1. All but one of (1) more than 24 Å from A:Phe172 (Cα to Cα); (2) modelled with pLDDT of 95 or more hold for A:Asn108, so report the exception by its number.
2. How many residues, within region B:272-321, are in contact with a strand residue (DSSP E or B) (Cβ under 8 Å, 6 or more places away or on another chain) and among the aromatic types (Phe, Trp, Tyr)?
3. Filter region B:17-44 for residues that are crowded, with 20+ Cβ neighbours inside 10 Å, at the interface with chain A (Cβ under 9 Å from one of its Cβ atoms) and either β-branched (Val, Ile, Thr) or in contact (Cβ under 8 Å) with a residue 60 or more places away in the chain (or both) and give the result.
4. Tally the residues that are without any contact (Cβ under 8 Å) to a residue 60 or more places away in the chain, β-branched (Val, Ile, Thr) and within 14 Å of chain B (Cβ to nearest Cβ), restricting the search to region A:66-115.
5. In region A:237-250, is there at least one residue being aliphatic (A, V, I, L, M) and within 30 Å of B:Val275 (Cβ to Cβ)?
6. Within region A:149-164, is even one residue out of contact with any helix residue (DSSP H, G or I) (no Cβ under 7 Å at 6 or more places or on another chain), farther than 30 Å from A:Arg66 by Cβ and of a type outside the set (A, V, I, L, M, F, W, C)?
7. Please tell me if B:Thr311 is among the β-branched types (Val, Ile, Thr), in contact (Cβ under 8 Å) with a residue 12 or more places away in the chain, surrounded by fewer than 24 Cβ atoms within 10 Å (Cβ to Cβ) and more than 14 Å from chain A (Cβ to nearest Cβ).
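The values are calculated or read from the model by the stated rules, or taken from the named source; none is laboratory data. These numbers were taken from a predicted model, which means no experiment stands behind them. When we count neighbours, we look across all protein chains shown, and the Cβ atoms used for this are built from the backbone with ideal geometry, even at glycine.
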Amino acid sequence: MKTMKMIDEVVTVARNERITPHLYVIAFESERLAHSIQPGQFLQVAVTEDYDPFLRRPFTIYRVLRNRLEILYEIVGQGSEILSRKVRGDRLKVMGPLGNTFSMRMKNRIHVIVGGGVGIAPFIFLGQKIKIDHFLMGARSKKGLLPKSEIGALWSKSRFTTEDGSYGRRGFITECLEEVIKECRHPRRIYLYVCGPRAMMRAVREMTDRHGLEGEASVDERMACGVGACLGCVVETTNGYKTSCREGTVFRLRDLIL
Amino acid sequence: MTRVAAKSRKGKAEDLTIRMGGLAFKNPVTVASGTFGTSDEYADYVDFEKLGAIITKTVTRKPRQGNVMPRIYETPSGMLNSIGLQNKGIDEFVEHKIPFFSRIKTHLIVNIAGETVEDFVALAKRLDPFREVSALELNISCPNVKKGLEFCAKPELAFEVVRACKEATRHPLITKLSPEAHDFLAVAEACVKAGSDALTAINTLKGMAVDVDGRRPRLASIFGGLSGPAIRPIALRYVYEIRKRFDVPVIGTGGIMTAYDALEFIVTGAHMVSVGTANFVNPRASMEVLEGIEKYCLEHGIRSMDEIRGTLKVEGRKEEVPAG
């Protein structure tokens, strides 16, 4: 079941940059992790050495460039705030790779990304591994959207919504998804990759039920251990509670009870 | 796994073995129930066979789904949890977990919990024939389930459940106590009188946290069990009080992060120590505690655990009720 031994490793920050008013990217080198981690998997990051804050913070991988790994994050609390103050040369303890991965061997599928806010993070990495046909991203405002320079080659496949209308279409990302489905000649071939706030995932899930679409979602629950031991991060599925850290974070959309 | 064992055995003379409840343990370090997963979750980080014992997550008669989410919240120097004893029940445990753990050459202590005395007895009886099981830890102190603390609230109930289990099994019994008990020492005494071979002190303390903006409790079940270094001084005090009053071995647990923390418990009189919440933040915590104890003993010329256990000197110090 497990292919790769997980270890806890000290890494050195190579870059930590605010790329939009709401989004940051932190980068570090790890040959071992860079060669083993897969899209959807995450690392448990200790942002300090003295257990204050006490728990580690889970972060999915945003991009891998040779031996360099990047994490996309926003400041939501004490842990991410401390992370934002790290500078080149600072050390972090990271543990992984943890969790399962997105499916990457779909044949004849139209791959549609639906990312809400910082939930877009794993899909840049996924785009490094598979062909993406539509890249949909929503945020509250332009400040939370990835800039063109970050999206790269996927730019031509991108559609954006903001709740305040400061960029792209005003409204929710589900409206873009509806559009994609309507435009599509073979909507049944659509395969969705989803990550974002609970309300967004619920709305996407309703649409997939309505249109009979398939896909998968990465869930973002508060975690303690990250390895499936504490049972603190479970999500409800059609088959009972599952640990989002070990049995997830990726679940089939139709299995999730959101 | 074996590589780690071989490395630290090099040139080591001191003896970390412990005798407790008629059993010999290779060292005093174990892992607290519920913090070490249900099978191989920590296998990449920990050499299971190096541990003095493994204490399982609580097993109940019937499968339990556990409490609704959110179940955890980080607090200063610790965390709150209200998992609610999620587990697959004793049938699954017997079928899958015992075979899994039987391959690991260390003591297996199975933590059991019930809502009634009959539940405890049924579990004790069910586990009795298994030679792979070294001892049972009776969880009469979980704050996260209905009636979880009831057995620990009254000494006579604690007595009843321990006595009934004692009659139901030949396995040594370790009773895990709650700091929430109104009269902790009376409960401890009842457990000892009923035949508990050892005591574990302490389970979590019931606490809560609040989201001020949302005006909501952070946990779906409002309360959760507080664990981590925040509770270590309380755990230590209870170990001290038990050891002062009763001649019963104690497994000290509560916020142990390092070997120094563990040695605090051992000096105070604990036979064994269990590493709990630390596993969540440092998966190698139990190994580091063990290596640190070995190193301390080596550096201080301590040749056996008997030479350090309960060596706390209190002459000239007087217990006072803290004022103000």
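1. (2)
2. 1
3. Within region B:17-44, B:Gly34, B:Thr35, B:Phe36, B:Thr38, B:Tyr42 meet the criteria.
4. Selection size over region A:66-115: 2.
5. no
6. For region A:149-164, residues out of contact with any helix residue (DSSP H, G or I) (no Cβ under 7 Å at 6 or more places or on another chain), farther than 30 Å from A:Arg66 by Cβ and of a type outside the set (A, V, I, L, M, F, W, C): present.
7. On the way: among the β-branched types (Val, Ile, Thr): yes; in contact (Cβ under 8 Å) with a residue 12 or more places away in the chain: yes; surrounded by fewer than 24 Cβ atoms within 10 Å (Cβ to Cβ): yes; more than 14 Å from chain A (Cβ to nearest Cβ): yes.
So B:Thr311 fits the description; yes.
Matching residues to (1) surrounded by 15 or more Cβ atoms within 10 Å (Cβ to Cβ); (2) more than 14 Å from chain B (Cβ to nearest Cβ); (3) part of a helix (DSSP H, G or I):
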position	(1), (2), (3)
A:Val180	yes, yes, yes
A:Arg188	no, yes, yes
A:Tyr191	yes, yes, no
A:Arg202	no, yes, yes
A:Gly215	yes, yes, no
A:Asp220	yes, no, no
A:Cys230	yes, no, no
A:Glu247	yes, no, no
